[in-house]
Amino acid sequence: MDKVRVSILGSTGLVGQWMVKLLANHPFIEVAALSASPGKVGQRYGDVVKWFIEGDVPEYARGIRLVSTDPADHRNVDVVLSALPNEVAEPVEARLLEAGLNVISNASPRRMDPNVPLINPEVNWQHLEVLRDFKGPWLVKNPNCTSAIITLAIKPLADHIRELYITTLQAVSGAGYLGLSYLAIEGNVIPFIKGEEDKIAAESNKMLGAMGRGEFTPWGRPVRVTSIRVPVRYGHMASIFAVMDREYDVSEVKQALSGFRSLPQEANLPTAPPRPIIVLDRQDAPQPAKDLDHMAVTVGRLSTSGRVVRMVALGDNLVRGAAGITVLTLEVMKAIKLL
Ligand SMILES: NC(=O)c1ccc[n+]([C@@H]2O[C@H](COP(=O)([O-])OP(=O)(O)OC[C@H]3O[C@@H](n4cnc5c(N)ncnc54)[C@H](OP(=O)(O)O)[C@@H]3O)[C@@H](O)[C@H]2O)c1
């Protein structure tokens with residue numbers, strides 16, 4: 001099988017580090033270049049990266065000399081994977097596209113562009129099909145980390161949901177490795193994350209809706225969100241109340257969630273979790289310290305009352321919410337012959 005050659009922008013950041021890790025020994029994706037901020041260009045990855053995530057810097061990456069974000073440094077790759085900060089990403093990604101390079105990006109600009117698929121693979125891999133009509137280079141966006149976790153948790157119920165009320169409890173790592181000061185969050189809770197609530201409502205509506213050429217039809221349900229930053233390192237949680245089309249028995253909902261499978265599972269893709277939604281019966285689950293899975297969402301506190309389904313969902317913001325989706329999207333694109 002021909003290997004897909006990729007480069008990683010923002011490879012020294014939290015999301016970038018996870019991409020570097022997930023792509024070590026990948027059966028059909030090869031890392032051809034790694035990039036960081038201008039001050040690190042030319043230096044060896046292993047010498048400058050501050051490795052925050054689990055395990056060690058993968059051997060293959062240690063000696064790679066970091067390159068810039070300039071298109072000339074990415075000429076020999078099939079897809080550029082971007083984990084740049086939002087404000088840096090917009091002009092850099094535009095230049096890469098102008099130079100004819102394909103991009104999959106974790107940054108927020110252009111997520112709601114009708115020409116850009118916003119992909120959470122198990123939820124809406126079908127939206128990638130619009131790329132078959134593209135003549136030139138394409139841009140694919142990953143959703144915001146919390147939108148990724150929520151849309152996966154509710155996907156099996158989505159056709160029957162009429163309204164959603166969500167409160168998120170989001171880890172500090174969601175703000176990047178320089179994102180939030182220890183003094184601001186230690187022993188504290190901050191009930192505001194700039195732009196987050198609107199992103200979750202809009203992006204969920206795009207991913208759960210339909211996509212055609214140059215247009216998308218939103219899912220069309222009201223999604224009301226309160227986003228809260230909590231002093232947890234890894235793992236975003238969401239307390240979800242879904243108003244349904246009728247009354248459901250809790251066992252019916254549990255079966256729908258735990259039985260859910262999608263193309264990544266059917267095609268047995270390397271990064272696909274065997275069970276994308278893990279329902280836990282323990283009464284105090286899910287907890288970030290005990291129940292965090294890298295690619296699956298864990299769901300607990302499942303109950304029904306009248307037409308309301310309640311659940312608490314937990315997901316890994318850096319992997320399911322970012323790096324893991326990027327890699328899984330590439331794997332889906334290879335499986336459906338878009339690469
Ligand atoms: N953290 C999450 O949970 C999460 C989840 C979903 C999506 N995202 C999105 O993913 C992206 C990356 O997030 P992150 O948390 O990994 O951020 P991060 O930890 O702050 O990492 C940022 C990366 O971008 C590089 N960079 C910064 N300025 C640059 C410049 N001017 N030119 C080239 N490279 C530059 C940094 O390199 P240096 O090391 O050299 O500074 C670093 O590699 C963001 O758009 C974020 O919104 C994050």
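Readers should treat all values here as calculations from the given coordinates under stated rules, not as data from a laboratory. Everything numeric in this text was worked out from a predicted model, so none of it was measured. Neighbour counts run over all protein chains shown; Cβ positions are idealised from the backbone, glycine included.
Descriptive notes on the structure:
- Going by neighbour counts of Cβ atoms within 10 Å, the residues Asp73, Asp281, Asp113 line up, fewest first, as Asp281, Asp113, Asp73.
- Checking the cross-link pairs Lys141/Lys199; Lys21/Lys199; Lys50/Lys334; Lys40/Lys290 against a 25 Å limit on the alpha carbon distance flags Lys21/Lys199; Lys50/Lys334; Lys40/Lys290 as lying beyond it.
- Annotation for Glu54 and Ser258: the two label points, set 7 Å from Cα along the Cα-Cβ direction, are 2.3 nm apart.
- Computed lengthening from Asn268 to Ala72, 0.36 nm per intervening residue step minus Cα-Cα distance: 67.0 nm
- Magnitude of the charge dipole for region 145-317, about its Cα centre and with charges confined to Cβ atoms of Lys, Arg (+1) and Asp, Glu (-1), is about 80 debye.
- The order of the peptides 142-148, 197-203, 59-65 by mean Cβ neighbours within 10 Å, most packed first, is 142-148, 197-203, 59-65.
- Counted over all Cα-Cα pairs of region 145-317, pairs farther apart than 21 Å make up 49 percent.
- Cα gyration tensor shape of region 54-181, rounded if a/c is under 1.5, else prolate or oblate by comparing a/b with b/c: oblate
- The GNM of the chain, with springs linking C-alpha atoms under 10 angstrom apart, assigns the highest mean-square fluctuation among Gly46, Gly315, Gly55 to Gly55.
- Calculated FRET value between Asp198 and Tyr177, using beta carbons and R₀ = 30 Å, to 0.05: 0.75
- Share, in percent, of DSSP beta bridges within the chain that are antiparallel, nearest 5: 50
- Fully extending the segment from Val250 to Ser303 would add 18.5 nm, taking 0.36 nm per residue of separation and subtracting the current Cα-Cα distance.
- Between helix 86-98 and the chain: long-axis angle, C-alpha atoms, 0 to 90°, nearest 10: 60
- Cα shape, region 226-280, gyration tensor, a/c 1.5 rule: oblate
- Equivalent-ellipsoid semi-axes of region 13-116, from the Cα gyration tensor, Å, largest first: 23, 15, 14
- Selected from Leu280, Leu139, Leu128 as most flexible by GNM, with the chain as the system and alpha-carbon contacts under 10 Å: Leu280
- Shape class of region 1-40 from the Cα gyration tensor (axes a ≥ b ≥ c, square roots of the eigenvalues): oblate, since a/c reaches 1.5 or more and a/b does not exceed b/c.
- For the chain, the Cα-based Rg and Dmax, in that order, read 19.3, 61 Å.
- Listed residues Gly176, Gly321, Gly209, most fluctuating in the chain (Gaussian network, C-alpha, under 10 Å): Gly176
- Virtual spin-label span in nm between Asp133 and Ala184, 7 Å along Cα→Cβ: 4.2
- Whole-Å distance, taken between Cα centres, linking region 56-107 and region 321-339: 16
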